[in-house]
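The values are calculated or read from the model by the stated rules, or taken from the named source; none is laboratory data. This one's a predicted model, so the numbers in the text were calculated from it and none came from an experiment. With ideal geometry, Cβ positions are generated from the backbone for all residues, glycine too; neighbour counts draw on all protein chains shown.
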């Protein structure tokens with residue numbers, strides 16, 4: 001059967017003028033040549049299918065579990081391929097990609113759980129990508145779990161349990177696209193969830209969107225993600241991602257960024273949540289531009305954080321939310337960052353335009369997946385409650401059009417990975433968002449609230465710490481005396497669901 005499959009792959013690659021779709025299921029079916037769901041290739045041949053696919057081919061993978069190997073060799077891993085899109089989480093009846101449903105999160109699992117029970121003999125990596133991979137290599141709709149690279153960190157060992165993107169050394173690059181994935185329960189010395197290595201003149205800058213990175217453990221640093229740009233470049237882009245409940249036994253529970261020796265570790269973090277990660281230093285993130293060996297600092301470690309949340313991370317040492325080394329920076333705008341435990345020099349860089357420092361009012365961060373045990377549903381723990389001041393508090397500039405659940409972001413986007421969804425009229429008939437205008441804005445003495453429905457509404461004026469400065473009821477075109485308020489940025493909230501930002505001169 002494997003010979004027939006190889007022959008079909010070879011013939012398709014040579015003669016097909018149309019991109020092919022290859023089908024894979026856990027046990028295979030029919031002739032197992034991968035030509036249809038009826039003749040799906042078996043899971044043991046998934047890497048064979050990837051290797052044999054031609055540029056612009058797609059691989060559709062049915063729900064189920066796919067192991068890195070059926071042997072005890074821990075070095076086996078799945079490898080992506082430039083020009084090939086690997087899509088998971090199919091029921092096995094779809095004829096169009098748009099028919100695939102991710103309504104409970106991904107259901108195709110790439111697993112490093114080989115050998116005996118427990119992780120002591122698990123695969124070092126679940127996915128390992130080498131140089132030459134660009135963003136046309138797509139991995140979409142998978143659970144990636146149970147790797148354990150417990151080897152001593154040396155060379156390329158001990159790095160990247162769930163996904164290792166290896167673009168190290170001069171002129172090399174590894175920049176895959178990773179979407180709609182749940183990366184969980186992996187371990188490694190560094191970068192337990194994802195390790196991006198572009199050191200020594202290389203580049204590792206993957207594009208990661210709508211992913212959940214949770215429950216990973218680094219024996220040293222970077223529980224969720226590690227960006228290793230020492231004398232090179234590691235500049236990933238994260239959009240609509242959760243980096244939550246990860247642990248590092250030393251530094252950076254959520255993410256480590258190292259750009260010393262004239263390197264660059266400058267991730268772009270847009271509409272993400274970093275919460276409940278743990279480490280000794282830098283519970284949420286470590287930004288480091290110190291050289292190796294230490295003693296001086298050069299290069300760049302400048303994470304850019306927009307429309308994102310850093311909240312509830314903990315450090316037993318210093319810097320619950322972030323920890324800075326060698327004059328590195330942490331640039332956040334239109335974000336909600338808990339600064340309670342951030343002492344000099346571990347402080348925000350730049351003006352911090354649009355930032356908040358208030359409880360985000362998560363739905364239930366103690367139960368991220370929700371009571372329905374399904375990701376990407378209404379009760380997800382890191383979605384926002386209706387009274388959250390993060391609703392409509394983000395910036396439209398470069399913001400994604402949809403959120404982690406693929407729901408449209410309307411108006412000014414919410415801060416975080418989830419866009420608040422107003423309850424249906426049937427569920428809460430009386431709850432309606434009100435469109436209103438504040439003028440002048442900025443104002444010094446009087447503020448006029450304009451709307452047009454002729455009703456009376458409740459209004460709260462809230463400062464950026466979450467303190468309610470006053471509450472009243474208003475009619476359309478009503479003017480409020482604000483002369484006694486201190487200068488600064490405030491949130492005007494009507495009926496608990498409609499919010500606008502206002503500046504007091």
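Numbers for the structure displayed
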| quantity | calculated |
| --- | --- |
| Some residue of the stretch 37-52 being surrounded by fewer than 20 Cβ atoms within 10 Å (Cβ to Cβ), in a loop (DSSP other than H, G, I, E, B) and within 29 Å of the chain's Cα centre (by Cα) | no |
| Lone qualifier among 154, 101 - being farther than 24 Å from residue 48 by Cα and within 24 Å of the chain's Cα centre (by Cα) | 101 |
| Options 345, 368: the member that is farther than 20 Å from residue 464 by Cβ and either buried (at least 23 other Cβ atoms within 10 Å of the Cβ) or free of Cβ contacts under 8 Å to residues at least 24 places away in the same chain (or both) | 345 |
| From the options 248, 187, 231, residue that is at pLDDT 95 or above, out of contact with any helix residue (DSSP H, G or I) (no Cβ under 7 Å at 6 or more places or on another chain), over 21 Å from residue 265 (Cα atoms) and assigned by the TED database to the domain that holds residue 281 | 187 |
| Unmet criterion (only one of (1) under 23 Å from residue 352 (Cα atoms); (2) modelled with pLDDT of 95 or more) for residue 299 | (2) |
| Output for the stretch 237-263, where each listed residue is free of Cβ contacts under 8 Å to residues at least 60 places away in the same chain and surrounded by 24 or more Cβ atoms within 10 Å (Cβ to Cβ) | 238, 243, 246, 248, 254, 255, 258 |
| Matching residues, the stretch 326-350, being in a loop (DSSP other than H, G, I, E, B) and closer than 25 Å to residue 263 by Cα | 326, 327, 328, 329, 330, 344, 345, 346, 347, 348, 350 |
| For residue 397: the one exception among (1) modelled with pLDDT under 90; (2) exposed (fewer than 13 other Cβ atoms within 10 Å of the Cβ) | (1) |
| Residue in the stretch 467-478 that is farther than 15 Å from residue 358 by Cβ and under 37 Å from the mean Cα position of the chain (by Cα) present | yes |
| Elements of type strands (runs of 3 or more DSSP E) in the stretch 272-317, at least 2 residues being in the same structural domain as residue 230 (by the TED database), within 30 Å of residue 394 (Cα to Cα) and more than 17 Å from the chain's Cα centre (by Cα) | 285-288 |
| Condition check for residue 59: in contact with a helix residue (DSSP H, G or I) (Cβ under 6 Å, 6 or more places away or on another chain), closer than 26 Å to residue 375 by Cα, in contact (Cβ under 8 Å) with a residue 24 or more places away in the chain and assigned to a strand (DSSP E or B) | yes |
| The lone exception for residue 323 - which of (1) in contact (Cβ under 8 Å) with a residue 60 or more places away in the chain; (2) assigned to a loop (DSSP other than H, G, I, E, B) it fails | (2) |
| Residue ranges of strands (runs of 3 or more DSSP E) in the stretch 212-259 with at least 2 members more than 17 Å from residue 312 (Cα to Cα) | 217-221, 225-228, 237-239, 255-258 |
| Per-region count, the stretch 384-409, residues assigned to a loop (DSSP other than H, G, I, E, B) and over 18 Å from residue 498 (Cβ atoms) | 11 |
